[in-house]
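Inspection log for the structure reproduced underneath, given as structure tokens.
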Amino acid sequence: MTIRVLIADDQELVRTGFKMILDAQPDMEVVATAADGAEAIEQARRLRPDVCLLDIRMPRLDGLEATRILAGPGAADPLRVVIVTTFDLDEYVYGALRAGATGFLLKDSGPTLLIEAIRAAAAGDALVSPSVTVRLLEHLARPASGVGARPPAEPLTERELDVVRLVARGRTNQEVAAELFVSLSTVKTHLGSVQAKLGARNRVEIAAWAWESGVVS
């Protein structure tokens with residue numbers, strides 16, 4: 001199945017370069033490009049791409065606000081957003097993931113990681129650029145204002161906690177299945193149960209809860 005992608009970046013050179021890379025993949029098609037956040041939202045709502053690639057610093061509407069509109073808690077039918085930016089700043093990473101993004105990459109990550117992030121997002125996984133992962137996890141490990149993570153609606157089982165710990169360390173579903181010697185469908189079942197108990201919208205929020213609650217450290 002072809003992954004339909006929208007690219008939003010205020011630099012034409014970046015849009016053109018990303019489009020060339022993605023259109024060259026046998027399983028991807030760039031269905032639209034946008035030069036600012038407002039145009040990205042209009043195109044995304046009209047075309048419903050599988051994955052939206054958004055820059056952060058764009059005119060009219062920045063990528064974080066566009067992410068909140070397309071993928072945040074208030075989105076009726078959220079899309080999958082991957083942030084791709086030049087700026088490796090903690091508040092951008094944290095803000096993007098909290099806004100509903102399923103991935104965060106730096107533009108110098110290279111085409112291989114870009115392609116992996118899109119495929120991961122399309123499959124419901126999350127990918128954060130390795131160069132920012134450690135700083136992100138350190139940020140999540142610090143309880144905000146001394147307030148701990150919200151308790152789950154009902155306790156997680158030991159196996160669910162095993163899955164959560166691996167997700168919090170950036171493992172994909174396939175990697176979790178391999179490390180726990182279970183099937184991929186079993187991992188997905190556990191993640192569905194965890195999301196329901198935590199009220200989490202995606203695996204990024206599951207990872208954030210794990211670090212904030214001290215399940216991983």
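The values are calculated or read from the model by the stated rules, or taken from the named source; none is laboratory data. It should be emphasised that the depicted structure is a prediction, and the values quoted were computed from it without experimental measurement. Methodologically, a virtual Cβ is constructed for each residue, glycine included, from the backbone with ideal geometry; neighbour enumeration extends over all protein chains shown. Heads up: the accessible areas ignore ligands, DNA and RNA and are worked out on the full protein's heavy atoms, side chains in. Shrake-Rupley method; radii C 1.70, N 1.55, O 1.52, S 1.80 Å.
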Those residues of the range 195-209 which are more than 14 Å from residue 171 (Cβ to Cβ) and part of a helix (DSSP H, G or I), in sequence order: 195, 196, 197, 198, 205, 208, 209
Candidate set: the range 187-217, residues that are small (Gly, Ala, Ser) and surrounded by fewer than 21 Cβ atoms within 10 Å (Cβ to Cβ); chosen: the one modelled with the highest pLDDT: 193
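Report the residue count in the range 84-98 for those that are more than 13 Å from residue 18 (Cα to Cα) and at pLDDT 80 or above. Let's see the steps before the verdict.
Pass one, the range 84-98, residues more than 13 Å from residue 18 (Cα to Cα): 86-98.
Checking the rest, the ones that are also at pLDDT 80 or above come to 86.
Result for the range 84-98: 1.
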Count of the range 1-49 residues which are within 16 Å of residue 80 (Cα to Cα), in a loop (DSSP other than H, G, I, E, B) and touching a Lys or Arg at 6+ places or on another chain (Cβ under 9 Å): 2
Residue, surrounded by the most Cβ atoms within 10 Å (Cβ to Cβ), within the range 97-124, restricted to residues that are within 16 Å of residue 66 (Cα to Cα) and not hydrophobic (A, V, I, L, M, F, W, C): 102
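Applying the selection to the range 167-203, what residues are polar (S, T, N, Q), closer than 12 Å to residue 156 by Cβ and under 19 Å from the mean Cα position of the chain (by Cα)?
First, pick out the residues of the range 167-203 that are polar (S, T, N, Q): 172-174, 183, 185-186, 189, 193, 195, 202.
After this cut, where a residue has to be closer than 12 Å to residue 156 by Cβ as well, the list is 193, 195.
Passing the criteria: only 195.
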In the range 50-74, the residues that are in a loop (DSSP other than H, G, I, E, B), touching a helix residue (DSSP H, G or I) at 6+ places or on another chain (Cβ under 7 Å) and open to solvent by less than 60 Å² (accessible area, probe 1.4 Å): 50, 55, 56, 58, 61
Residue pairs meeting the criteria (Cβ under 8 Å; at least 6 apart or on separate chains; first on the phi < 0 side of the Ramachandran plot, in the range 99-122; second of a type in the set (Lys, Arg)): 99/68; 102/80; 102/203; 121/80; 122/80
Residue in the range 92-102 that is within 21 Å of residue 168 (Cα to Cα), of a type in the set (Phe, Trp, Tyr) and not in a strand (DSSP E or B) present: yes
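Anything in the range 153-186 that is basic (Lys, Arg), over 16 Å from residue 204 (Cα atoms) and surrounded by 16 or more Cβ atoms within 10 Å (Cβ to Cβ)? List them, or say none.
First pass over the range 153-186, keeping only residues basic (Lys, Arg): 159, 165, 169, 171.
Now narrow it down to the ones that are over 16 Å from residue 204 (Cα atoms): 159.
Result: no residue meets the conditions.
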Set 116, 154, 160: member being farther than 24 Å from residue 74 by Cα, part of a loop (DSSP other than H, G, I, E, B) and modelled with pLDDT of 85 or more: 154
